[in-house]
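Asker: Quick one: the structure is below, and I'll ask about it shortly.
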Amino acid sequence: MARRRRRRSAHLAPGARRDPSLIANEANLAARAEAYARRHDRPSSFVYVSGEVGIGGALVLDGEIFAGQHGWSGEIGHTVIDVSDDAGTGGTLEARAGQDALMAAAGLDRSQPTSALARAADAGDPAAVHALREGGAALGTALANVVNIMDVGDVVLGGAYAVLAAHLDEPVRRELRRRVLSAPWKDVGLSVARAGQYPAMTGGALAVLRDLVDDPAAWGANEPATT
């Protein structure tokens, strides 16, 4: 499951201090940074998917995060892509294409960085190539479901998926072409995140700045006392 950050109100009690880590979940924060990085061009609406801690996702509509009623939108890792799994745990996207699942399928220690998997696939290691091909197909299938439901024409690969994008691109595109209803008339765009090395931190800072602009008075309690 993608790691989540507990939300706090924009209005703080006197003397309280704002902690950016309590604003939103990581995928939404990273998607906010990505939307900012793309603010001068297209797409302004896209599905962001990240594979760092579990599999997280976010929906960006016209440059704004769609968080859902409870702020829980984007849990794409829990999308069921194989209903034949009787236990109900092995048929999810996370079980097929999560970072741990990919590393295990490639025969690599899960404690290694994602770059180790990318290097193994670059070198033509059969297990690594197969793991990414199968994981990419699962990821493309889940993303096609999101695109069909939400009618968003672009997908952005972030986090671990950005590191592995060269090997995920073909299987993800293949499934998007096969499964997205509008694909015969318009390809779904697929690109790598641009928001930098720490997108969730950048997104957190952007969220705090927006709150400050929207309600400067709420931050008065954080100002140091004058003498």
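Derivation of every value follows stated rules applied to the coordinates shown; laboratory data play no part. As the structure is a computational prediction, the values presented were derived from the model and not from experiment. Cβ placement follows ideal geometry from the backbone for every residue including glycine, while neighbour counts extend to all protein chains displayed.
Asker: Suppose each label sits 7 Å from its Cα in the direction of the beta carbon; what would the ASP122-ASP169 distance come out to in nanometres?
Answerer: 1.4 nm
Asker: Order these by the 10 Å Cβ neighbour count, fewest first: LEU206, LEU164.
Answerer: Listing LEU206, LEU164 from fewest to most nearby Cβ atoms yields LEU206, LEU164.
Asker: Right, something else. Could you compute the FRET efficiency for ASP82 and GLN197, with r as their C-beta to C-beta distance and R0 at 41 Å, rounded to 0.05?
Answerer: Numbers: r = 34 Å, r/R0 = 0.82.
Approximately 0.75, to the nearest 0.05.
Asker: Separate question: Extending each Cα 7 Å along its Cβ direction at ASN148 and ASP109, get the distance between those two points in nm, one decimal.
Answerer: For ASN148 paired with ASP109, the spin-label model returns 4.2 nm.
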